[in-house]
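Below is one structure, written out as structure tokens; comments come after it.
A short reminder: the numbers here are calculations on the coordinates, not readings from a lab. Please read all numbers here as calculations on a predicted model, not as lab measurements. Here the Cβ positions follow ideal geometry from the backbone for every residue, glycine too, while neighbour counts run over all protein chains shown.
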Amino acid sequence: MEARKLLEALSVAERLKDATRHCYTRNGRHESVAEHSWMITLMAFFIKDEFPEADMDKVIKMCIIHDLGEAFTGDIPTFEKTEANVRTEEQLLYEWVDTLPENIRAEMTALYDEMAKRETVEAKIYKAIDGLEALIQHNISDISTWIPHEYELNKTYADDKVAFSDYLKGLREEIRKDTLDKISG
């Protein structure tokens with residue numbers, strides 16, 4: 001990528017450092033979208049040996065780019081996001097992606113398409129760890145930061161996303177145990 005184009009792209013992506021999510025960190029500050037993306041990327045790296053059939057480099061790429069649309073809209077929690085929000089985020093994201101060099105644009109567009117369809121093992125892994133990380137972060141944060149419906153949501157969220165994998169179902173169960181321990185105090 002040409003140097004100026006790289007700097008312009010990074011300037012947009014840098015917005016995710018300041019875009020806060022609904023989740024809090026252990027020390028009580030709002031987590032940024034960039035921190036969430038980093039954590040799921042790290043998760044993909046750590047679990048790569050559990051999925052020898054998958055192209056985990058592709059999963060890592062999906063994790064890195066999955067929330068770039070939030071550089072334009074900010075984060076809207078999944079339980080509040082409407083179809084109109086999704087359409088707006090996608091429109092703004094694709095308008096930006098279209099300004100990138102052809103090879104990057106083509107690769108990102110193909111990855112976003114694969115992620116949206118969620119048919120490949122790579123897309124399923126990415127989507128599962130995206131959901132699981134939010135649960136892990138909630139369990140790490142102080143329970144005083146939870147809103148009322150999260151007590152039930154943390155018990156069931158992402159169950160559907162992990163259903164394809166025994167390993168991820170096991171991880172989900174461990175996360176659920178942590179949730180129940182946290183709630184019971």
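Taking 0.36 nm per residue of sequence separation and removing the Cα-Cα distance, the Asp178/Ala3 pair yields an extension gain of 58.5 nm. A simple rule links phi to the HN-Hα coupling: the Karplus curve 6.51 cos²θ - 1.76 cosθ + 1.60 with θ = phi - 60°, which for region 50-58 gives 6, 10, x, 7, 9, 8, 6, 5, 5 Hz, with x for Gly and Pro.
Calculated mean residue ellipticity at 222 nm for the chain: -20000 deg cm²/dmol, from DSSP H runs with n ≥ 4 weighted as -39500 (n - 2.57), summed, divided by the residue count and rounded to 500.
With the simple spin-label model, which puts each label point 7 Å out from Cα in the Cβ direction, the Ile140 to His30 separation comes to 1.8 nm. For a paramagnetic label modelled on Thr99 (point 7 Å from Cα along Cα→Cβ), amide N atoms under 14 Å away belong, within region 14-34, to 14-15. Annotation: amide H of Tyr24 within the under-5 Å range of Glu31, sequence separation 5 or more or interchain, hydrogens built in the peptide plane. Shown in residue order for region 154-161 are the 3J(HN,Hα) couplings computed by the Karplus curve 6.51 cos²θ - 1.76 cosθ + 1.60 at θ = phi - 60°: 5, 7, 10, 4, 6, 4, 5, 6 Hz (x for Gly and Pro). For the pair Phe45 and Ile147 in one chain, pulling the backbone fully straight at 0.36 nm per residue adds 33.6 nm over the alpha carbon distance. Take the Cβ atoms of Thr20 and Asp160, set R0 to 22 Å, and the FRET efficiency comes out at 0.25. Taking a straight Cα-Cα cut-off under 21 Å and skipping sequence neighbours fewer than 8 places away in the same chain, the lysines within cross-link reach of Lys155 are Lys81, Lys124, Lys127, Lys169, Lys177, Lys182. Taking GluC sites (Glu not before Pro) across region 76-185, the ones in a DSSP loop with at most 13 further Cβ atoms lying within 10 angstrom of their Cβ are Glu80, Glu119. Working note: Karplus 6.51/-1.76/1.60 with θ = phi - 60° gives region 27-37 the couplings 8, x, 9, 4, 6, 8, 4, 4, 5, 4, 4 Hz, where Gly and Pro are set to x. The average projected area of the chain, computed from the convex hull of its Cα atoms over all directions, is 10.8 nm².
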